[in-house]
Amino acid sequence: MANSPTETTLHHFRGANGAEMAWHEIGDAEGRPVILIHGLFSNAFTNWVRYGHAAKLAAKGRRVIMPDLRAHGDSAKPHDPAGYSPDILADDNLALIDQLCLTPGGYDLGGYSLGGRTTARMLVRGARPGKAMLAGMGLEGLLDLGGRVSFFRRVLEGIGTHQKFSPEWMAEGFLKTTRGDPKALLLLLDSFPVIPRAALADLDLPILVLTGSEDQDNGSARALAAALPNAAFAEVPGNHMSAVTLPDLGDAIAAWF
């Protein structure tokens, strides 16, 4: 087990096209694995470790596995469009499950924001955890990405020009704290396929839909929970950005997993 709540071990795996990808681990190496996937512009440390969420799972004896998405953190950040085939994030993380030899029902899976969307894509593609979590995600964020992708494209293409305190300026500031790579992230924005609404009805495993009470960035989390056949719904304080920084999020995640 890591010696402190913020000390993780770094590992690598091969992504879907052979790119070198990174994942971080905290907790009991013999514990039940739970994979947590971070959001856009973030990384595993910022989303799960910095504010103590992963430590709460580790304290329950869990093996917490936290990949850095392609174009983020310690994972590959190719500047070639060929590195961003459609559904590449799901492909990468399905490869991680395969390379860790995790068996159906023998692990749990969840994500925040883009990580929640990636989790949903993995479930639609056949991932079979015992439990799943879609956090910071609403129904519209799965069915129609147009508005959000356009927003992030404006952020990345207009770096250094955004009006102070605008949503774009705030997003750029967050990107700077995580040392994101704008060129790689711009390419990544073209790799998100739509999730058909009908596909959600087939996801019959237990799924927690978890959201900040002021978060509407990806649409309605209540509507997402209603569209899933076996969902639980939970709210914590905060908006899309602030909820991640508050202990309530980690408490809700630890209670579910």
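Laboratory data are not the source of any read-out in this text; all were calculated from the coordinates shown. All values derive from a computational prediction rather than experimental measurement. Cβ: placed from backbone, ideal geometry, glycine included. Neighbour counts: every protein chain shown.
At-a-glance table
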quantity: Surface/4 estimate of mean projected area, convex hull on alpha-carbon atoms of the chain, nm²; calculated: 12.0
quantity: Helix-only CD estimate at 222 nm, as mean residue ellipticity for the chain, using -39500 (n - 2.57) per DSSP H run (n ≥ 4); calculated: -9000 deg cm²/dmol
quantity: Proxy reagent accessibility, fewest Cβ within 10 Å first, across HIS72, HIS24, HIS38; calculated: HIS24, HIS38, HIS72
quantity: Lysine-lysine proximity count for the chain, Cα under 19 Å, sequence distance 8 or more or distinct chains; calculated: 5
quantity: Only Lys, Arg (+1) and Asp, Glu (-1) charged, at Cβ; segment 9-256 dipole about Cα centre in debye; calculated: 140
quantity: Convex hull volume of segment 1-81 per residue (C-alpha atoms, cubic angstrom); calculated: 83
